[in-house]
Amino acid sequence: MAETFDVVVIGSGPGGYVAAIKAAQLGLKTAIVEKDKRLGGTCTLVGCIPTKALLATAELMEKLKDAKEFGVDVKDFGLNFLQAYKRKEDVVAKNSAGIDFLMKKNKITVFKGHGRLAGKGKVEVSGDKKEVLDTKNIIIATGSVPRTLPGIEPDHKRILNSDSVLRLETQPKSMIVLGAGAVGMEFASVFDSFGTKATVVEMFPHLLPIEDEDCSVEIEKAYRKRKIDFLTDAKVEKVEKNDKGVKVTIKKGTETQVLEAETLLSAVGRSPVSNDLGLEKTGVKVDRGFIVVDNMFRTGEPNVFAIGDVITLGNGPHPALAHVASYEGVVTAEFIAGKNPQPVNYDRIPSATYCYPEVASVGLTEKKAKERGYDVKTGKFPFSASGKARIVGESWGFVKIVADKKYDEVLGVHLVGPHATELLAEACLGLRLETTVEEIEKTMHAHPTLSEAVLEAAHAAMGHTLHM
C-alpha cells in the first residue's frame, strides 16, 4: 500500500520549503516536489541570493574607490567579472545545499520532477519516473518567472531578463534597464559600480514608484550624483536589435528619443507559474494566471492551498517577495495543523531594495496614510547629521517616520541610506507591537550607531530633534 502524506508541497522556493519545514515540525508527514535539479526556487537560484552576492561585490568596489579618504592606499584594483560571477554561483550552491540539509533534518521526502494535481488528494510527479503521491493536503508554491512585454522578448544575448543577466560571461559596456522597481534599481546599481554605463527607464513619475515619494526623490538625487542616467514618465515605443546592441525608442511627454546600448535588461515585474498544474478539473479559481485564495490561503478546491508569487487574494496586487511567501507558508502549515494562526497583515510587509544607497520601508507611506483618512504627522532625520554615518563615509539619505496624530501610533517607517535594510527590523517589530512615536523616543539607542537616526526621527515627529 502506497504511503499517504499529510502535506505535499509543489515548489521548493522560500514559500514551499519553509511551509514544508513548518509542517514537518508540527508533526505532519510532509513531502516536497521540485522540477529543478536544485532546491531553493527563484530566490535562491536566480533571485535574491545571487543578486545580493553581486551587490556585495559592487559595494566593495564603491568602498575601494573611497579607500584613500580612510587612509588606506590601494594602488591598483579592478573588477574580475568572471570571479564575481563565480563567487555568486558558489554562494548559490551553498544556500541550495543548505536547503537539502534542512529537508533531511526535518525528515521531508523530496521528489524531483514536475508536480501537478491528479485528482482528489493526489499529486502526479513526472521526473525520471512517473509516480502518484497520496496526500491529505496540497500546497501550491510554484512562484513566478520574469514578465515579458510584447516586442521586448528576451533573446538572452542583447535583450536580457533578471534570469539571464545572472548568466553573463562578459561584462557589457552599456545597459538600458527597463523598470525602476527593486530588481531594475539593484541591477543598475551593480553594473554602474562594475563600470558599465547604465540608464534606467521607468513609466511612472519616480524611481521606486511604490515607495514613499520622499524616498524616491532621495534615491534620484543619489543616482544623479553617481551619474546613473534615468528617464521617468517614459514609455518604450520600440526596441530594435543590431550587431552592436539595441536601439530603444522612448516617448516622454510629446518628445521622442532613441537610446542605444550594448544590452537591454527587462525588469518589468513577474508572472505567476500556474500553467500545467492540473487545475482545470478542480475548483481552483485562476485570475489572469494568479491562483485565487482566501486569508488562510485556501483555494476553491478543498484541502488545496496556494502561497507566494502565484497567488492573489482578490484585492489588488500581491507582493512578490521571498519573505512574504515564507510567512504565508508558516501560516498555511499552522492552519493545516489546526493551530488557528492570525491572517497576514499586508500593511506591515517590509520592503527592501539593495541598491547603493539602500532603500527600505514598512507600513504606510505618507500619501497612503492620508488616503486612509489619518491625520498624519511625520518626523525625518538625515544621515548627514549622524556621527556614525560620517564615520563609515555614507552620509546620504534619511529616516522618516509616519504616524497618526490622534493616537501617536507609528503607521510607517521609510529609510534611505547606509544599511537601511538592516535598520528596518526595529521598525518592523515596532509596527507589529503597534508602537507609538513616544515609545521609540523613550527607547535608549546605543551611540554611535546608525540606528540612532530612527530615534532622532522619532524626536523630530514629536517636535524636538536633538541633533539637528
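Stretching Lys244 away from Lys221 to a fully extended chain increases their span by 5.2 nm, per 0.36 nm per residue minus the current alpha-carbon distance.
Computed per residue of the chain from DSSP H runs no shorter than four, each worth -39500 (n - 2.57), the mean residue ellipticity at 222 nm is -9500 deg cm²/dmol. Based on the Cβ-Cβ distance of Lys367 and Lys122, what FRET efficiency does E = 1/(1 + (r/R0)^6) give at R0 = 45 Å, to the nearest 0.05? Approximately 0.40, to the nearest 0.05.
Proximity of backbone amide H atoms, modeled 1.01 Å from N, is registered between Ile311 and Ile291 at under 5 Å, excluding neighbours fewer than 5 places apart on the same chain.
Cysteine residues of the chain whose C-beta has no other cysteine C-beta under 4.7 angstrom: Cys215, Cys355, Cys428. Note: relative contact order over segment 262-303, using C-alpha pairs below 8 Å and six or more positions apart, is 32 percent. Under the criterion of Cα pairs below 8 Å and six or more residues apart, the relative contact order for segment 314-364 equals 23 percent.
I need the trypsin sites (Lys or Arg not before Pro) found in segment 154-183, filtered to DSSP loop residues with at most 15 other beta carbons within 10 Å of theirs. Show your work: numbers first, answer last.
Numbers: sites: Lys157, Arg158, Arg167, Lys173; in loops: Lys157, Arg158, Lys173.
Sparse-neighbourhood loop trypsin sites (Lys or Arg not before Pro): Lys157, Lys173.
Relative contact order, whole percent, for segment 72-177 stands at 16, derived from Cα pairs under 8 Å and 6 or more residues apart. Modelled label positions at Ala56 and His447, each set 7 Å beyond Cα in the direction of Cβ, lie 3.4 nm from each other. Expressed as a whole percent, the accessible surface of segment 338-468 that belongs to carbon and sulfur atoms is 51, based on a 1.4 Å probe. Could you compute the FRET efficiency for Asp408 and Thr4, with r as their C-beta to C-beta distance and R0 at 41 Å, rounded to 0.05? So the FRET efficiency works out to roughly 0.15.
Put the Cα centre of segment 244-266 next to the Cα centre of segment 279-302 and the gap is 40 Å. Taking amide H atoms as placed 1.01 Å from N in the peptide plane, the amide H of Leu450 has no partner under 5 Å among residues 5 or more positions away or on other chains. With the whole protein complex present, Lys65 retains an accessible surface near 100 Å², based on a 1.4 Å probe.
Structure note, pairs Lys221/Lys400; Lys136/Lys281; Lys173/Lys400; Lys35/Lys107; Lys225/Lys370: Cα-Cα distances above 25 angstrom occur for Lys173/Lys400; Lys225/Lys370. Applied to segment 346-353, the Karplus parametrisation 6.51 cos²θ - 1.76 cosθ + 1.60 on θ = phi - 60° returns per-residue 3J(HN,Hα) values of 6, 6, 10, 7, x, 10, 9, 10 Hz, with x for Gly and Pro. So if I take the centroid of the Cα atoms in segment 51-70 and the same for segment 186-221, what is the distance between those two points in Å? Each part reduced to its Cα centre gives a spacing of 18 Å. In this structure, Val292 and Leu64 have a Cβ-Cβ separation that, at R0 = 51 Å, corresponds to a calculated FRET efficiency of about 0.55.
Each of Val110, Asn295, Thr353 was scored by the projection of its Cα onto the charge dipole of the chain, and the greatest displacement toward the positive side belongs to Val110; charges sit on the C-beta of Lys, Arg, Asp and Glu.
Nearest 20 debye, what's the magnitude of the dipole of the chain about its Cα centre given +1 on Lys and Arg Cβ and -1 on Asp and Glu Cβ? Can you show the working numbers first?
On the way: 62 positive and 63 negative charges, 212 e Å.
I would put it at about 1020 debye.
Rounded, prolate or oblate: pick one for segment 153-269, where a ≥ b ≥ c are the square roots of the eigenvalues of its C-alpha gyration tensor, a/c under 1.5 means rounded, and failing that, prolate if a/b is larger than b/c, else oblate. Present the calculation step by step, with values, prior to reporting the outcome.
Working: a/c = 1.71, a/b = 1.27, b/c = 1.35.
It comes out oblate by the Cα gyration axes.
With unit charges on the beta carbons (Lys and Arg positive, Asp and Glu negative) and the dipole taken about the Cα centre of the chain, which residue among His414, Ala333, Gly283 sits farthest to the positive side? Sorting the options by dipole projection puts first Gly283.
Let's see if you can work this out: charge +1 on each Lys and Arg Cβ, -1 on each Asp and Glu Cβ, no other charges. What is the dipole magnitude of segment 326-465 about its Cα centre, in debye to the nearest 20?
Details: 15 positive and 19 negative charges, 53 e Å.
The calculation lands at about 260 debye.
In the complete set of protein chains, residue-level accessible area for Ile138 is approximately 10 Å², probe 1.4 angstrom. Listed by chain and number, the aspartates and glutamates whose alpha-carbon sits under 16 Å from that of Lys52, ignoring those within fewer than 8 places in the same chain, are Glu62, Glu89, Asp90, Asp163, Glu186, Asp192, Glu358, Glu422.
The heavy atoms of Lys105 present about 130 square angstrom of accessible area, all protein chains included, probe 1.4 Å.
Net charge dipole, segment 105-260: roughly 720 debye, given to the nearest 20, about the Cα centre with Cβ charges of +1 for Lys and Arg and -1 for Asp and Glu.
Looking at segment 240-286, which GluC sites (Glu not before Pro) are in a loop (DSSP not H, G, I, E or B) and have at most 12 other Cβ atoms within 10 Å? Don't jump to the answer; show the numbers that get you there.
Details: sites: Glu240, Glu255, Glu260, Glu262, Glu280; in loops: Glu262, Glu280.
Passing sites in segment 240-286 are Glu280.
If the limit is 30 Å between Cα atoms, which of Lys157/Lys368; Lys63/Lys197; Lys368/Lys388 go over it? Could you put the intermediate results ahead of the total?
Numbers: Lys157/Lys368 40 Å; Lys63/Lys197 19 Å; Lys368/Lys388 32 Å.
Cα-Cα > 30 Å for Lys157/Lys368; Lys368/Lys388; rest within.
Per-residue 3J(HN,Hα) values for segment 436-451, derived from phi via the Karplus relation 6.51 cos²θ - 1.76 cosθ + 1.60 with θ = phi - 60°, read 9, 4, 4, 5, 5, 4, 8, 8, 6, 10, 5, 10, x, 9, 5, 5 Hz in sequence order (x marks Gly and Pro).
Between segment 105-124 and segment 379-443, the alpha-carbon centres lie 44 Å apart. Under the membrane-span-like helix rule (DSSP H runs whose alpha carbons stretch at least 20 Å along the helix axis, mean Kyte-Doolittle hydropathy 0.0 or higher), the chain yields 48-65, 322-336. Projecting the Cα atoms of Ala369, Gly47, Pro319 onto the dipole axis of the chain, where Lys and Arg carry +1 and Asp and Glu carry -1 at the beta carbon, places Gly47 farthest toward the positive end.
Could you rank Cys48, Cys43 by how accessible they are, 1.4 Å probe, largest area first? Walk me through the numbers before you get to the answer.
Numbers: Cys48 45, Cys43 25 Å².
Largest accessible area first, the list is Cys48, Cys43.
The values are calculated or read from the model by the stated rules, or taken from the named source; none is laboratory data. Not measured: the values here are computed from a predicted model. Here Cβ is always computed from backbone atoms with ideal geometry, including for glycine, and neighbour counts include all displayed protein chains. These accessible areas exclude ligands, DNA and RNA; they are computed on the full protein's heavy atoms, side chains included. Shrake-Rupley method; radii C 1.70, N 1.55, O 1.52, S 1.80 Å.
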